[in-house]
Each structure stands twice: as structure tokens, then as C-alpha cells.
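Right, one structure below, let's go through it.
The values are calculated or read from the model by the stated rules, or taken from the named source; none is laboratory data. Model, not experiment: these values are computed from the prediction. Neighbour counts are summed over all protein chains in view; Cβ atoms, including those assigned to glycine, are modelled from backbone coordinates with ideal geometry. To get the accessible areas, we keep the full protein, side chains included, count just its heavy atoms, and leave off ligands, DNA and RNA. Shrake-Rupley method; radii C 1.70, N 1.55, O 1.52, S 1.80 Å.
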Amino acid sequence: QVQLVESGGGLVQAGDSLRLSCVASGRTFGTYVTGWFRQAPGKEREFVAYITWIKNTVYADSVRGRFTISRDNVRNMVTLQMNSLKPEDTGVYYCAASTTGGRMRTTEYDYWGQGTQVTVSS
């Protein structure tokens with residue numbers, strides 16, 4: 001069993017930065033693909049970025065060049081550095097872990113955190 005706990009959300013203005021963290025329990029976390037997803041009010045949960053156990057990364061087109069995902073397998077932590085934030089980045093951000101090499105679909109992930117709210121004002 002893996003538990004994921006996100007932190008770092010908040011209310012910021014357009015153009016600001018935020019750094020989200022996801023801390024995981026479980027000795028094998030370092031072998032999992034870990035992703036960030038977000039959900040805006042009234043919309044489906046969407047893919048933001050993921051990082052593999054060997055630190056390959058993939059980003060959604062909407063965040064590429066502005067967001068950076070990284071991981072520290074010793075500390076069981078994955079972070080999402082978000083720069084140049086836009087109002088359309090507003091939503092609840094979720095950390096997720098996949099034991100089967102998941103990629104960009106929510107159904108490919110086995111464990112989810114409770115989410116952290118990010119609000120970007122214009």
C-alpha cells in the first residue's frame with residue numbers, strides 16, 4: 001500500500017510560481033511512475049506531467065516549458081515546480097503513482113493523494 005500526501009498549493013497571481021510536493025510512503029515508491037493531474041471545477045481530471053523511475057519526464061502541451069517535475073527517490077518525494085502560472089492552471093492538483101508503468105490516463109494509476117488547491121488570479 002502506498003499513501004501520497006500533497007502540499008504546496010495556494011492562491012497566487014498570474015505570472016507567479018508555486019512548488020507542489022508529494023511525499024509517499026512505501027519502500028518501492030522509487031520504482032513507480034509518478035504523475036501529477038489537475039481538475040478544474042466542472043471539468044474532468046486531466047494529465048499534467050509524469051516522471052518514471054529513471055527520471056524520464058513527459059508534460060502536457062499546456063504546461064510544457066513552464067512546469068518541471070522531479071523526484072527524489074531517497075526522500076520518496078516528487079515535486080512539481082510551476083512557473084509563469086496562468087488563470088487556466090487553477091484547479092485541484094493530485095499526485096498519483098502507477099505500479100504498472102502508467103502514463104497519461106487516470107485509469108493507469110493505482111494510488112492517489114487527496115489533492116491540493118491551486119488558484120491563479122488574473
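Within the range 92-122, the set of residues being farther than 22 Å from V2 by Cβ, touching a Gly at 6+ places or on another chain (Cβ under 9 Å) and either of a type outside the set (V, I, T) or open to solvent by 30 Å² or more (accessible area, probe 1.4 Å) (or both) comprises Q117, T119. Selection of strands (runs of 3 or more DSSP E) fully inside the range 1-74 by the criterion of at least 3 residues being touching a residue at least 40 places away in the same chain (Cβ under 8 Å) returns 4-7, 10-13, 18-24, 33-39, 46-51.
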